[in-house]
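The values are calculated or read from the model by the stated rules, or taken from the named source; none is laboratory data. In this text, all values refer to a predicted model and were calculated from it rather than measured experimentally. Note: ideal-geometry Cβ built from the backbone for every residue, glycine included; neighbour counts use all protein chains shown. The area values use the complete protein model at the heavy-atom level, side chains included, leaving out ligands, DNA and RNA. Shrake-Rupley method; radii C 1.70, N 1.55, O 1.52, S 1.80 Å.
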Amino acid sequence: NVPLAQEVELKTLARERELIVMGPDCGTAMIAGSPLAFANVLPKGGIGVIGASGTGIQEITSQVALHQQGISHAIGLGGRDLSADVGGISALTALEMLASDEATQVIAFVSKPPSPQVRTRIIAAMQNVGKPVVALFLGSKPEQRREGNVWLANSLSEAARLAVLLMRVAQQRQIQPEVAGKGIYGLYAGGTLAAEAAMLLSAGLNVPVSESHAQGVMLDAGGHRIVDLGDDSYTLGRPHPMIDPTTRSIEIEKLAALPDVGVLLLDVVLGYGACEDPAGAVVETLEQVRTRRAAPLVTIATLTGTDGDPQGRAAQSEKLQAAGVAVVETLEEAILLAISLTHHQESRPAEKQYPLLDGVQVINAGLRSFALDLQSSGTPVVHYQWAPVAGGNAHLASLLKQLH
């Protein structure tokens, strides 16, 4: 019930003063752990959410929590913010706020389809953030799934999944050594896993896959190489590497003499018929390589199998992690992490600071339950008891005024 012209005027004034108007028609926000109107109890973390969709924010943040990740802030915009008339005024400010926020490492953005001009403006602002951004414009089907650092999602669940994926990559980046400018080598026991790794790496770096697959080579370009060690050329007269890890161990040992390789990608396949301790074989070989190699070698592994397998997924994962191997959940995560480590880009320094993100103090007018929720979350709040005269009925309000 706020006229459009007043919304534009308010938001323009706020932006000029480096403030933000969340609304009108904004029912969901969570700033520094403080719930403003509708919100959920969420773990703290590195994913910031911006939305012109209240329940969209709630669904994404809830799914992020289900995936064992946390939320830094959730900033509501109001349902009309990305319309042609408003022009995304609060959206631009919200992006700048989270770009400047040290606690936010990944941004998820959700809204109804914006006007074409506003979409162009918002995407450009996202690309200037210097952090991974997942964008969901509800109802649209993006032909291009990625525009630089901006990932375009098709659904709320996909937006949450991508945000969680990018957050896990960001967390791994913080604990791995610097290998920028180095090559990526994948030595896979599983042929299909090698093929998918090659396709993902090809798409991520814009390098060609190998067409012939001679000698099990799935990709060999730009200093990067993906090999299927289960290819016939490696198993002629020898056991498959899933049965006997010797063939792969020999190939890993060769990396001691290749300082230009910075990342090693591996699959560890469990189950009946497989090596009784594939993780142990990997760890033993890596220890030998490290004694002969001066340059760091980041090793990233995926596990294929379950805790019910003879080797035990959890036990194999713990063994790898204890040896400094980054164990990730999917090939997609492995490739994204490898690319981010070898093509590291420094984040841009914040141009502005927004004290709002350090914590809020609230004056709550109207609904008392919102004040109680804020109080229970530890947020300083003053409640002002207010209700519209005559329940908002203009005719009754006029009659009451005459009585006075």
Checklist outcome for this item: Filtering the stretch 36-58 for residues that are more than 19 Å from the chain's Cα centre (by Cα) and surrounded by fewer than 17 Cβ atoms within 10 Å (Cβ to Cβ) leaves a count of 3
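Going through Ala371, Ala387, Ala397 one at a time, which residue ends up being touching a helix residue (DSSP H, G or I) at 6+ places or on another chain (Cβ under 8 Å) and at pLDDT 80 or above?
Numbers: Ala371 fails: touching a helix residue (DSSP H, G or I) at 6+ places or on another chain (Cβ under 8 Å); Ala387 fails: touching a helix residue (DSSP H, G or I) at 6+ places or on another chain (Cβ under 8 Å).
Going through Ala371, Ala387, Ala397 in turn, the sole match is Ala397.
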Next on the checklist: Can you say whether Thr93 is among the hydroxyl-bearing types (Ser, Thr, Tyr) and open to solvent by less than 20 Å² (accessible area, probe 1.4 Å), as far as the supplied structure shows?
Outcome noted: yes
Checklist entry - Residues in the stretch 70-90 that are crowded, with 24+ Cβ neighbours inside 10 Å and closer than 15 Å to Phe137 by Cβ: how many? => result 4
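Looking at Ile20, is it modelled with pLDDT of 95 or more, in a strand (DSSP E or B) and closer than 27 Å to Gln375 by Cα? Explain how you work it out, then say what you get.
Working: modelled with pLDDT of 95 or more: yes; in a strand (DSSP E or B): no; closer than 27 Å to Gln375 by Cα: yes.
Here the answer is no, as Ile20 does not meet what is asked.
So, in the stretch 351-404, of the ones that are in a strand (DSSP E or B) and open to solvent by less than 90 Å² (accessible area, probe 1.4 Å), which residue ends up nearest to Ala37 (Cα to Cα)? Let's see the steps before the verdict.
Applying the first criterion (in a strand (DSSP E or B)) to the stretch 351-404 yields 362-365, 381-384.
Adding the requirement that they be open to solvent by less than 90 Å² (accessible area, probe 1.4 Å) leaves 362, 364-365, 381, 383.
Values: Val362: 11, Asn364: 10, Ala365: 11, Val381: 13, His383: 13 Å.
The extreme case among them is Asn364.
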Checklist entry - Can Leu201 be described as in a helix (DSSP H, G or I) and open to solvent by less than 60 Å² (accessible area, probe 1.4 Å)? => result yes
Checklist entry - Considering Gly186, Gly216, Gly222, Gly191, which residue is closer than 27 Å to Glu253 by Cβ and touching a residue at least 60 places away in the same chain (Cβ under 8 Å)? => result Gly186
Next on the checklist: Report every pair of residues separated by at least 6 positions or lying on different chains whose Cβ atoms are under 6 Å apart, first residue within the stretch 79-95 and within 11 Å of Leu4 (Cα to Cα), second assigned to a helix (DSSP H, G or I).
Outcome noted: Asp81/Ser90; Asp81/Ala91; Asp85/Leu4; Val86/Val8
Checklist entry - Looking at the stretch 43-65, which of the residues that are free of Cβ contacts under 8 Å to residues at least 60 places away in the same chain and of a type in the set (A, V, I, L, M) is nearest to Leu95 (Cα to Cα)? => result Ile57
Checklist entry - Since Thr93 meets every condition but one in (1) assigned to a helix (DSSP H, G or I); (2) under 19 Å from the mean Cα position of the chain (by Cα); (3) within 17 Å of Ile31 (Cβ to Cβ), which condition does it not meet? => result (2)
Next on the checklist: Restricting to the stretch 341-350, name every residue that is modelled with pLDDT of 95 or more and either open to solvent by 50 Å² or more (accessible area, probe 1.4 Å) or hydroxyl-bearing (Ser, Thr, Tyr) (or both).
Outcome noted: Thr342
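Residues in the stretch 59-69: is at least one of a type in the set (Ser, Thr, Tyr), crowded, with 24+ Cβ neighbours inside 10 Å and outside any helix (DSSP H, G or I)?
Taking the stretch 59-69 and keeping what is of a type in the set (Ser, Thr, Tyr), we get 61-62.
Keeping just the survivors that are crowded, with 24+ Cβ neighbours inside 10 Å gives 61.
Cutting the leftovers down to outside any helix (DSSP H, G or I) gives us none.
So far as the stretch 59-69 goes, no, none of its residues is of a type in the set (Ser, Thr, Tyr), crowded, with 24+ Cβ neighbours inside 10 Å and outside any helix (DSSP H, G or I).
Just name the residue that is farthest from Gly222 (Cα to Cα) out of those in the stretch 301-350 that are in a strand (DSSP E or B) and without any contact (Cβ under 8 Å) to a residue 40 or more places away in the chain.
Going residue by residue through the stretch 301-350, those that are in a strand (DSSP E or B) are 301-304, 326-328.
This time we only want the ones that are without any contact (Cβ under 8 Å) to a residue 40 or more places away in the chain, so: 301, 303, 327.
Numbers: Ala301: 22, Leu303: 27, Val327: 25 Å.
The qualifying residue farthest from Gly222 (Cα to Cα) is Leu303.
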Checklist outcome for this item: Among residues of the stretch 209-233 being outside any loop (DSSP other than H, G, I, E, B) and open to solvent by 70 Å² or more (accessible area, probe 1.4 Å), the residue farthest from Ala197 (Cα to Cα) is Asp232
Checklist entry - Inside the stretch 242-295, can you point out the residues that are of a type in the set (Gly, Ala, Ser), touching a residue at least 40 places away in the same chain (Cβ under 8 Å) and either in contact with a helix residue (DSSP H, G or I) (Cβ under 6 Å, 6 or more places away or on another chain) or part of a helix (DSSP H, G or I) (or both)? => result Gly262, Ala279
Checklist entry - Which residue pairs have Cβ atoms closer than 7 Å, lie 6 or more positions apart in sequence or on different chains, and pair a first residue in the stretch 133-158 that is touching a residue at least 12 places away in the same chain (Cβ under 8 Å) and surrounded by 15 or more Cβ atoms within 10 Å (Cβ to Cβ) with a second residue that is part of a helix (DSSP H, G or I) and charged (D, E, K, R)? => result Phe137/Arg119; Leu156/Glu59
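Scan the stretch 263-283 and give yes if some residue there is in contact with a strand residue (DSSP E or B) (Cβ under 7 Å, 6 or more places away or on another chain) and surrounded by fewer than 21 Cβ atoms within 10 Å (Cβ to Cβ), otherwise no.
no
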Next on the checklist: Residue pairs, Cβ under 8 Å, 6 or more apart or interchain, first in the stretch 30-42 and among the β-branched types (Val, Ile, Thr), second open to solvent by 30 Å² or more (accessible area, probe 1.4 Å) and not in a loop (DSSP other than H, G, I, E, B). List them.
Outcome noted: Ile31/Leu356
Next on the checklist: What's the total number of residues in the stretch 234-252 that are over 17 Å from Gly216 (Cα atoms) and either at pLDDT below 95 or open to solvent by less than 60 Å² (accessible area, probe 1.4 Å) (or both)?
Outcome noted: 1
